[in-house]
Structure formats: C-alpha cells, structure tokens
Amino acid sequence: MKIIVLVKEVPDTYGDRKLNLETGLADREASETVIDEIGERALELALKYADANPGTEVAVLSLAPEGATATIRKGLAMGAASATHVSDEALRGADLGLTAETLAAAVRRMGFDLVITGNVSTDGSGGMIPAMLAELLDVPHATGLSSVKISDGAVSGSRPVDSGVQTVSADLPAVISITEALPGPRFPNFKGIMAAKKKPLEVLTLADLGITADNPEAARSIMLTIAEKPPRAAGVKILDEGDAGEKLADFLIENRLA
C-alpha cells in the first residue's frame, strides 16, 4: 500500500502572524515557518500504520515556496520514505482551485492507495482541499475524522455530528482528512534526522505536472482589498453605584446581546 500525506509549511502559530498589505498574502518573514501540526498528525497516522504493516510506503507531498526544503525533510526524519515538493513562482498566492489541481496532478504522478490530509490548515483555514482533491482524483473521501482504521482495501472512521457520532467508510483508493483528535506526532530521533538526508526528495514545477497557472478553463480568484486588523479598543467599564445591574442590562440591549 502507498500512502501519501499532505504537509504544509505555515507561519509558526506561536509567533507573529501578519498579512502583507501590498500582496494580501501571509507575511512568511514575520515568524519562523513550521510544518502545520495537523499535517504532522496525519503523517503520524500513516507512519503508525506502516509500522504495523510491513511493505507500506509512506510519502509526503507539499506545495510550498522554494525555501521549504528543510521543513519538508522533517517529514522524512519522522519516518516517511520519500517526499515530493511542488515549487513554482506561478503558485504564489494560488487559490484553492489551483492548489487542488496542482496537488491532484502530483498525487497522480506519485501513485497512491490512500491520501491523508489535515481537515484545515492554520494559515489559510480554507478546509476545502481534501474534498476538492478527491473530486479531481475521482475517488471517495471521508473528511473530519476523529478516529481512523485503515485496512487492506478500505478505510473507515468516525466523526462528530450534531446528533452524535457518524461512522463512515470508503473503498481504496480514497482521500481522508483528520482532526486534532488524532494522536500527536512523534519526534524525529537522531537516526531519523541523519537518514532523512539520504532519502529521495523530488522537486517539481507546474511544467512537470502539465499545469498552466493561467488556464482559462479553471476558476481563479483574486483579492480585491486588504486591510490590517484594527487595534483592540478598550472595553466599557461599569462601576457599581447601586445601579450596576441596570447599566449592564442597558449595555446588553444596546449592543443586541440580550
């Protein structure tokens, strides 16, 4: 079985996260970049299955800027056998449609039985790539899984819904996305870090995948305006002079909070 795990380089969630007010894109110079934690959890799921099932190949796939090689190699250090890095200047600011189209082309090129992704990234927070990827690959998908069971020829899992817990399954090949309910990632050890330097890491461009960024047949979106989030204003203080309850009630009504 071959499992492809999508990983994404994102600004560190514990650092400053800002938008470039000229381009509208994430300012990746504002903080260090790391593999999104949800991607690491997806990789942990694949590696745990591979540990228990000899012959399973785990590969990581990332669409990222040219300088993301070190970040992607962390996936190799964790235990993935190979990595594919799609990097092209034409992908700067790519919308979900172009991103999904590019990833689907790379997945087809790599060959797969199962694709595992996180449910939503911490930078763009689009949450649509897993479903779009499955549609483009013409395979079933199961999204937002909080538990997963992979077997020979099928994948199943559960996810919370309004009325309880829903159990879903799909025949392979398939695409699934997982939530933070899945176990956290393992830490790369020294042996893994050294081995990662010798593992194959293929870098592809859009030309390699046969994709044109300005393809008129594919929907493309543009950002019209961008503005910095205004600073937080001071809150309203209510002093208790015997009528604090009335003042609080008036404030809630005035702001349509009651």
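Overview of results
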| item | result |
| --- | --- |
| Qualifying residue in the range 117-126 (condition: at negative phi and outside any loop (DSSP other than H, G, I, E, B)) | yes |
| So SER121, is it surrounded by 14 or more Cβ atoms within 10 Å (Cβ to Cβ), touching a Ser or Thr at 6+ places or on another chain (Cβ under 7 Å) and of a type outside the set (Phe, Trp, Tyr) | no |
| Residue list for the range 62-90, filter: among the polar types (S, T, N, Q) and closer than 11 Å to GLU202 by Cα | SER62, THR69, SER82, THR84, SER87 |
| Residue pairs meeting the criteria (Cβ under 7 Å; at least 6 apart or on separate chains; first at negative phi, in the range 170-196; second assigned to a strand (DSSP E or B) and surrounded by fewer than 17 Cβ atoms within 10 Å (Cβ to Cβ)) | ALA170/ALA154; ASP171/ALA154; LEU172/ALA154 |
| Candidates SER163, SER158 - the one that is farther than 20 Å from VAL60 by Cα, out of contact with any Ser or Thr (no Cβ under 9 Å at 6 or more places or on another chain) and hydroxyl-bearing (Ser, Thr, Tyr) | SER163 |
| Test: THR167 is surrounded by fewer than 19 Cβ atoms within 10 Å (Cβ to Cβ) and free of Cβ contacts under 8 Å to residues at least 40 places away in the same chain | yes |
| Selected residue [polar (S, T, N, Q) and more than 23 Å from PRO11 (Cβ to Cβ)] from SER151, SER125 | SER151 |
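Laboratory data are not the source of any read-out in this text; all were calculated from the coordinates shown. All of these numbers come straight from a predicted model, not from anything done at the bench. Positions of Cβ are backbone-derived with ideal geometry, glycine not excepted, and every protein chain shown enters the neighbour counts.
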